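Asks: For reference, the structure I am asking about is given below.
The values are calculated or read from the model by the stated rules, or taken from the named source; none is laboratory data. In this text, all values refer to a predicted model and were calculated from it rather than measured experimentally. As a convention, Cβ positions derive from the backbone with ideal geometry for all residues, glycine included, and neighbour counts pool all protein chains shown. Note: areas computed on protein heavy atoms with side chains; ligands, DNA, RNA excluded. Shrake-Rupley method; radii C 1.70, N 1.55, O 1.52, S 1.80 Å.
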Amino acid sequence: MSPRSASVNEELRRRSRERLLQAAVELVGERGYGATTLGDIADRAGTARGLVSYYFPGKRRLVQSAVHRLMHRTLEEALEGEPRTDDGRERMARAIDAILGLARDWPVLMRQHMAGILEAEGFVQCPEQQRLSHLLRDTVARHGSCDVDTDYPMMRALLMGAVYAALVPGVPMAVPVLRAELFKRYRLDWDMGLPPDAEAPGGSCDADLSRFFATGQRPERRSK
């Protein structure tokens, strides 16, 4: 048997990294950060445990990268979904609903993500986060901002604050209330984006994350 080409090896490495990202989202979403080990993630991904440290310097960096991927692709899907639109107000509404939807549909995962940002390592500006940042900056610009460098950090802070408020144990704020406040600030109509009363019963969370992670295979659906 002839040895694999460099391009084949590169593709296999890329798929292994994708499987690790997807496994991290699934397991932390199911069990929480503390109850998930790197070994658990490697086992779920079907990769050698040594590959985790090859791709990521630690569990925190892996999980933040994985959550940023989920956020980036969820936002991208919302912004570019049908019907397609270039309207800045509609795109802002979709962005707000996409981020609030993650807090609603993935509460354990997003709570752990927010807690991780407050750790000593802080906010990890990985490639996945940079893609997310680009989409949000573009949303702010299309909404009509004259100073994106000032308005983007404010929007990011408001979204992070809303997610935090939705996830505080014991005293969470209702997502529709947070949505109304953000829509008021950005002068958006309630029927823009994906209004809460337009959602399917039980939320819109799709347990199959394969569309967000290019693993080359369709994973088993995780149990809820």
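Asks: For the subset of segment 27-63 comprising residues that are under 19 Å from residue 109 (Cβ atoms) and aromatic (Phe, Trp, Tyr), which member is surrounded by the fewest Cβ atoms within 10 Å (Cβ to Cβ)?
Replies: Filtering first and then ranking leaves 33.
Asks: Which residue pairs have Cβ atoms under 8 Å apart, sit 6 or more places apart or on different chains, and have a first residue in segment 112-126 that is under 15 Å from residue 157 (Cα atoms) and a second that is of a type outside the set (Val, Ile, Thr) and modelled with pLDDT under 85?
Replies: Note: pairs meeting the criteria are 117/123.
Asks: Answer yes or no as to whether residue 187 is in a loop (DSSP other than H, G, I, E, B) and modelled with pLDDT of 90 or more.
Replies: In short, yes.
Asks: I'd like the full set of residues that are surrounded by 13 or more Cβ atoms within 10 Å (Cβ to Cβ) and assigned to a loop (DSSP other than H, G, I, E, B), limited to segment 124-140.
Replies: 124, 126
Asks: OK, next. For residue 173, only one of the following conditions fails: (1) open to solvent by less than 80 Å² (accessible area, probe 1.4 Å); (2) more than 20 Å from residue 28 (Cβ to Cβ); (3) modelled with pLDDT of 95 or more; (4) among the hydrophobic types (A, V, I, L, M, F, W, C). What is its number?
Replies: All conditions are met except number (1).
Asks: Could we say that residue 119 is closer than 22 Å to residue 164 by Cα and not in a loop (DSSP other than H, G, I, E, B) here?
Replies: Spelling it out, it is not the case that residue 119 is closer than 22 Å to residue 164 by Cα and not in a loop (DSSP other than H, G, I, E, B).
Asks: Quick check on residue 93: is it open to solvent by less than 50 Å² (accessible area, probe 1.4 Å) and either over 16 Å from the mean Cα position of the chain (by Cα) or under 19 Å from residue 24 (Cα atoms) (or both)?
Replies: Here the answer is yes, as residue 93 does meet what is asked.
Asks: Where in segment 1-75 are there helices (runs of 4 or more DSSP H), lying wholly inside it, with at least 3 residues that are of a type in the set (Gly, Ala, Ser) and at pLDDT 90 or above?
Replies: In segment 1-75, 6-31, 38-45 are the helices (runs of 4 or more DSSP H) which contain 3 or more residues that are of a type in the set (Gly, Ala, Ser) and at pLDDT 90 or above.
Asks: Within the set of pairs 6+ apart or on separate chains, which have a first residue in segment 61-82 that is free of Cβ contacts under 8 Å to residues at least 40 places away in the same chain, a second that is among the charged types (D, E, K, R) and assigned to a helix (DSSP H, G or I), and C-beta atoms under 8 Å apart?
Replies: Correct list of pairs: 81/94.
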